[in-house]
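Take a look at the structure below.
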Amino acid sequence: MRTPPTASRLDLSRSDRADLLAEARRLLPSPLRRHLLGSSLSLGGLAMLTGCSLSGGASAETLLRAVSRLNDDAQAWLFDPSRLAPVYREADVARPFPYNAYYGVEQIRRVDDRNWRLELGGLIAHKASWTLAGLAALPQDEQITRHICVEGWSAIGRWGGVRFSDFLKRVGADLGARYVGFRCFDDYYTSIDMATALHPQTLLALSFDGQPLPAEFGHPVKLRMPTKLGYKNPKYLAEIFVSNVYPGGYWEDQGYNWFGGS
Ligand SMILES: Nc1nc2c(c(=O)[nH]1)N[C@H]1C(S)=C(S)[C@@H](COP(=O)(O)O)O[C@H]1N2
Ligand SMILES: [Mo]
């Protein structure tokens, strides 16, 4: 993955333009990306989409930031619960599945399942914490979907667990609130819009490929969303909260540093 373009005028070479477009495409909200896939998305088109002027020294970074903001803002109007991410067959599952986190595999945090609790906070009526056994006793769903990481890889995986919309309803979450935030016990955090939280393919995942979620993939519980990029899928969940205040995220709060693969 090349280093992100820094603040410079948009007088890019042909290959830099192609790279920038590829990066912007990956950042686009997935329904929009699917919609645009067949069409030729130009830098001019992106500028129009984001309301970002390319003249007068606008930088590639400014454009990517605008596309990223579109990713957040556009969810509300792009969101269509009847539109599902593609599903695959069991034979398509990547084995082994890639591991990724902001640290190496040797630094994976582990918890004792008996002591682990999923804490609930914010605009939720029933804030009692959940044990792993409690979550496992709820009706379970399964999906075989593609995980896409902005660092340039994707892989098909099979996750099982509780439909997140069922869970939010069960605990009396304010479904009219704007955000659902996630705190992980490896210090990672992220947040999603309520529409995505209620999407039928958004899963509180307890298993991977038929086995309890392995340590590297977020044991004991992660949130799995085929409609969002990899970094929005928090592993090692410790707390879920509902809020109208923008909670940000580990990568989200660092601008575009993650484009460099850091
Ligand atoms: N808690 C936590 N969740 C995380 C991350 C992390 O570092 N910590 N990395 C994210 C990124 S960038 C990716 S691509 C996926 C990788 O998930 P995997 O290891 O199951 O492939 O986890 C996401 N969720
Ligand atoms: Mo990622």
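The values are calculated or read from the model by the stated rules, or taken from the named source; none is laboratory data. All values derive from a computational prediction rather than experimental measurement. Here the Cβ is made from the backbone with ideal geometry for all residues, glycine too, and neighbour counts use every protein chain on show.
Being within 14 Å of ligand 1 (Cβ to nearest atom) and farther than 21 Å from P247 by Cβ is the filter here, so list the residues in region 161-211 that pass it.
If the condition is that a residue be within 14 Å of ligand 1 (Cβ to nearest atom) and farther than 21 Å from P247 by Cβ, then G161, L206, S207, F208, D209, Q211 are the ones that fit.
Between R158, R183, R178, which is over 22 Å from A128 (Cβ atoms), at pLDDT 95 or above, more than 16 Å from ligand 2 (Cβ to nearest atom) and not small (G, A, S)?
Working: R183 fails: over 22 Å from A128 (Cβ atoms); R178 fails: at pLDDT 95 or above.
So the residue among R158, R183, R178 that is over 22 Å from A128 (Cβ atoms), at pLDDT 95 or above, more than 16 Å from ligand 2 (Cβ to nearest atom) and not small (G, A, S) is R158.
Keeping to region 84-116, report how many residues are over 25 Å from A136 (Cβ atoms) and of a type in the set (S, T, N, Q).
Residues flagged as over 25 Å from A136 (Cβ atoms) and of a type in the set (S, T, N, Q) within region 84-116 amount to 2.
From the list P212, P220, pick out the single residue that is free of Cβ contacts under 8 Å to residues at least 24 places away in the same chain, under 22 Å from W130 (Cα atoms) and in the same structural domain as G104 (by TED's automatic domain parsing). Spell out the reasoning first.
On the way: P220 fails: free of Cβ contacts under 8 Å to residues at least 24 places away in the same chain.
Of the residues listed, the single one that is free of Cβ contacts under 8 Å to residues at least 24 places away in the same chain, under 22 Å from W130 (Cα atoms) and in the same structural domain as G104 (by TED's automatic domain parsing) is P212.
Restricting to region 212-245, and then to whatever is away from ligand 1 (no atom under 11 Å from the Cβ) and of a type in the set (A, V, I, L, M, F, W, C), can you tell me which residue is surrounded by the most Cβ atoms within 10 Å (Cβ to Cβ)?
Within region 212-245, the first condition is being away from ligand 1 (no atom under 11 Å from the Cβ), and the residues that meet it are 212, 220, 226-227, 239-245.
Pick out the ones that are also of a type in the set (A, V, I, L, M, F, W, C) and you get 240-242, 245.
Numbers: I240: 26, F241: 21, V242: 24, V245: 12.
Checking each candidate, the answer is I240.
Being assigned to a loop (DSSP other than H, G, I, E, B) and exposed (fewer than 10 other Cβ atoms within 10 Å of the Cβ) is the filter; apply it to region 97-124 and report the residue that is nearest to ligand 2 (Cβ to nearest atom). Full working, then the answer.
Filtering region 97-124 for residues assigned to a loop (DSSP other than H, G, I, E, B) gives 97-104, 108-117, 123.
Subsequent filtering for residues that are exposed (fewer than 10 other Cβ atoms within 10 Å of the Cβ) retains 104, 112, 114-115.
Details: G104: 14, D112: 27, R114: 30, N115: 28 Å.
Selected residue: G104.
Go through (1) crowded, with 22+ Cβ neighbours inside 10 Å; (2) within 22 Å of R26 (Cβ to Cβ); (3) among the β-branched types (V, I, T) for V180 and report which single condition fails.
Unmet for V180, out of (1) crowded, with 22+ Cβ neighbours inside 10 Å; (2) within 22 Å of R26 (Cβ to Cβ); (3) among the β-branched types (V, I, T): (2).
Counting only residues that are among the polar types (S, T, N, Q) and assigned to a loop (DSSP other than H, G, I, E, B), how many does region 128-149 have?
Narrowing region 128-149 to residues among the polar types (S, T, N, Q): 129, 131, 140, 143, 145.
Next cut, assigned to a loop (DSSP other than H, G, I, E, B) only: 129, 131, 140.
Residues in region 128-149 being among the polar types (S, T, N, Q) and assigned to a loop (DSSP other than H, G, I, E, B): 3 in total.
What strands (runs of 3 or more DSSP E), lying completely within region 174-262, carry at least 3 residues that are out of contact with any Pro (no Cβ under 8 Å at 6 or more places or on another chain)?
Numbers: elements: 179-184, 189-193, 203-208, 222-224, 237-243.
Once the strands (runs of 3 or more DSSP E) in region 174-262 are filtered for at least 3 residues that are out of contact with any Pro (no Cβ under 8 Å at 6 or more places or on another chain), what remains is 203-208, 237-243.
Could you identify the single residue in A125, A177, A155 that is of a type outside the set (S, T, Y) and farther than 20 Å from L198 by Cβ? Even if it seems obvious, please write down each step before you answer.
Values: A125 fails: farther than 20 Å from L198 by Cβ; A177 fails: farther than 20 Å from L198 by Cβ.
Matching residue, one of A125, A177, A155: A155.
Looking at region 110-124, is at least one residue more than 18 Å from A238 (Cα to Cα) and free of Cβ contacts under 8 Å to residues at least 60 places away in the same chain? Give the steps one after another, and end with the answer.
Initial filter on region 110-124 (more than 18 Å from A238 (Cα to Cα)): none.
Checked against the condition, which is being more than 18 Å from A238 (Cα to Cα) and free of Cβ contacts under 8 Å to residues at least 60 places away in the same chain, region 110-124 yields no hits at all.
Residue check, M48 against (1) outside any helix (DSSP H, G or I); (2) modelled with pLDDT under 70, all met but one. Which one?
Just one mismatch for M48, condition (1).
Which one of the conditions (1) at pLDDT below 90; (2) closer than 26 Å to L123 by Cβ does S262 fail to meet, given that it meets all the rest?
Unmet for S262, out of (1) at pLDDT below 90; (2) closer than 26 Å to L123 by Cβ: (2).
Quick one: R146 ticks every box in (1) among the basic types (K, R); (2) in contact with a Phe, Trp or Tyr (Cβ under 9 Å, 6 or more places away or on another chain); (3) more than 16 Å from ligand 2 (Cβ to nearest atom) bar one, so which box is it?
The failed condition is (3).
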